[in-house]
């Protein structure tokens with residue numbers, strides 16, 4: 001499990017960079033920073049909960065069991081799901097928010113690359129249109145560096161591998177649906 005200091009290092013890599021040099025929230029009315037659908041939120045990475053306290057007034061906490069939801073097969077027990085109850089302090093946002101709309105992809109030979117996160121296809125214009133090249137290169141590099149640190153944790157790496165193989169199996173179905181390809 002990663003230490004609080006390692007999570008702090010990962011967070012700091014993404015403190016000063018965002019998907020665009022300007023506010024990308026103007027393109028989508030800050031949809032990814034809102035409860036765009038009832039109950040929308042994100043899972044914390046294993047161990048990431050050390051970065052928060054349970055009494056933060058902008059977060060709603062839930063515990064989800066791997067028995068009740070589809071998780072990486074290597075994950076067992078309960079994991080934390082959080083949802084924002086109001087705009088978050090930007091410097092406190094969870095890791096999933098810091099790297100959105102990117103997701104890690106591990107090639108079959110284990111090489112890390114960054115892709116647009118298919119899970120954001122309904123809310124992010126970049127994902128929907130497939131415009132990775134429009135993202136700030138500094139953001140992409142910082143997200144990749146952060147993921148390289150995270151992937152030293154066995155559970156996080158197992159999940160990234162599982163998600164990558166799921167993407168391979170889906171074969172870009174969402175992309176073809178939305179982009180007509």
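Nothing in this text is a laboratory measurement; each read-out follows from the coordinates by a stated rule. The structure displayed is predicted, hence computed values, not measured ones. So basically every Cβ, Gly included, is an ideal-geometry build from the backbone, and we count neighbours across all protein chains shown.
Values for this structure:
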{"read-out": "Viscosity 1.306 mPa s, 10 °C: Kirkwood-radius Stokes-Einstein D of region 4-170 over Cα pairs, µm²/s", "value": "96 µm²/s"}
{"read-out": "Evaluated over region 80-181, the Cα radius of gyration and Dmax, each in Å", "value": "14.2, 41"}
{"read-out": "Mean projected area (nm²) of the alpha-carbon convex hull when region 61-130 is viewed from all directions", "value": "6.6 nm²"}
{"read-out": "Volume per residue of the C-alpha convex hull in region 23-76, rounded to whole Å³", "value": "140 Å³"}
{"read-out": "Part-to-part distance (alpha-carbon centres) for region 142-160 and region 20-91, which is given in Å", "value": "18 Å"}
{"read-out": "Gaussian network model of the chain, springs between alpha carbon atoms under 10 Å - residue of 30, 144, 98 with greatest fluctuation", "value": "30"}
{"read-out": "Candidates 104, 125, 89: whichever shows maximal mean-square fluctuation once the chain is modelled as a Gaussian network with Cα springs under 10 Å", "value": "89"}
{"read-out": "Burial ordering of 38, 86, fewest other beta-carbon atoms within 10 Å first", "value": "38, 86"}
{"read-out": "Computed [θ] at 222 nm, helices only, for the chain once each DSSP H run of length n ≥ 4 contributes -39500 (n - 2.57)", "value": "-9500 deg cm²/dmol"}
{"read-out": "Sorted by Cβ density within 10 Å, fewest first, the residues 136, 117", "value": "136, 117"}
